[in-house]
Amino acid sequence: MIGRHAKKKTNPAPVMGVVLAGLFAGSLALAPLDGGSGGSEASGGSSGPDRTKVSADRAEPSPSRKAEKAPSKPPDDCEPSEATDHGYSNGRIPTKELCPLPQDDEFLRADAAVAFYKLNVAYEERFGEQMCVRSSYRSYEKQEELYESMPSGMAAAPGNSKHGIGIAVDLCDGVQDDDSPRFAWLEDNAEKYDWLHPDWAYSSPYEPWHWEFDVGQD
Ligand SMILES: [Zn+2]
């Protein structure tokens, strides 16, 4: 059932238009964010290498795109039933207890990761490329840095972030702008894959890039 109606094929031309629009929206929106809350939250993430790789993929119509298709599930040792059994506290989870995402150096708790892989496949079918992730699981130390570098109220206190339990991602390539087609698509589709944009992130603080695994669903 999952992902069934995401399989609809779209014409390449409009998709390309959307990709370009996303690109522009991305670069425009990134400029102010770098000096503000979003940029600060992203700092320390792996946005640099990811963005470079994504741009390179776009630059040449790659015949190997098919072979690089988003994997539909995490490695076999990612076991959702053991997702919370490790006993580590917020921000103290070793990455070996988490599941790697297809995006380099990004990790989530197993249950969130399984759902993320499905959402990522549907997103790729829609936009022709995988989700751009600039932050996922975040260590206590990294959250502390972030908290100290941002205005009050703009970052969760260390020990309280959903990133610290591996069930949140910060997205890029357009999603950081809530007028973007990518944000709109996620708003319409993420819940089918048990992901959501929390109510607070619409305004206080405004974090369109922040998405969470919906632990209330199964
Ligand atoms: Zn976030």
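Using unit Cβ charges (K, R positive; D, E negative) and no other charged atoms, how large, in debye to the nearest 20, is the dipole of region 86-218 about its Cα centre?
Dipole about the Cα centre, nearest 20: 400 debye.
What ratio of Cα Rg to 2.2 N^0.38 Å holds for region 143-186?
1.38
Please enumerate, by chain and number, the aspartates and glutamates with C-alpha under 20 Å from the C-alpha of K142, excluding those fewer than 8 residues away in the same chain.
Reachable aspartates and glutamates: D34, E41, D50, E97, D104, D105, E106, D170, E207, E212.
Amide H neighbours of W195 under 5 Å, counting only residues 5+ apart in sequence or on other chains, H built in-plane at 1.01 Å?
D214
Give me the net charge of A157's neighbourhood, meaning all other residues with Cβ under 11 Å from the Cβ of A157; Lys, Arg count +1, Asp, Glu -1.
Result for the local shell: -2.
Take the Cα pairs of region 107-163, get the Kirkwood Rh, then feed it into Stokes-Einstein at 4 °C and 1.567 mPa s and tell me D in µm²/s.
Translational D for this selection: 99 µm²/s.
Can you give the three extents of the C-alpha atoms in region 64-212 along their principal axes, from longest to shortest, in whole Å?
Largest to smallest, the principal-axis extents are 42, 38, 26 Å.
Counting only protein heavy atoms and a 1.4 Å probe, tell me what percentage of region 110-197's accessible area is made up of carbon and sulfur.
After summing per-atom areas, the C and S share lands at 44 percent.
The values are calculated or read from the model by the stated rules, or taken from the named source; none is laboratory data. What you see is a predicted model, and the numbers here were worked out from it, not measured in a lab. Glycine also receives a Cβ, built like all others from the backbone with ideal geometry; neighbour counts cover every protein chain displayed. All accessible areas refer to the heavy atoms of the entire protein, side chains included, with ligands and DNA or RNA removed. Shrake-Rupley method; radii C 1.70, N 1.55, O 1.52, S 1.80 Å.
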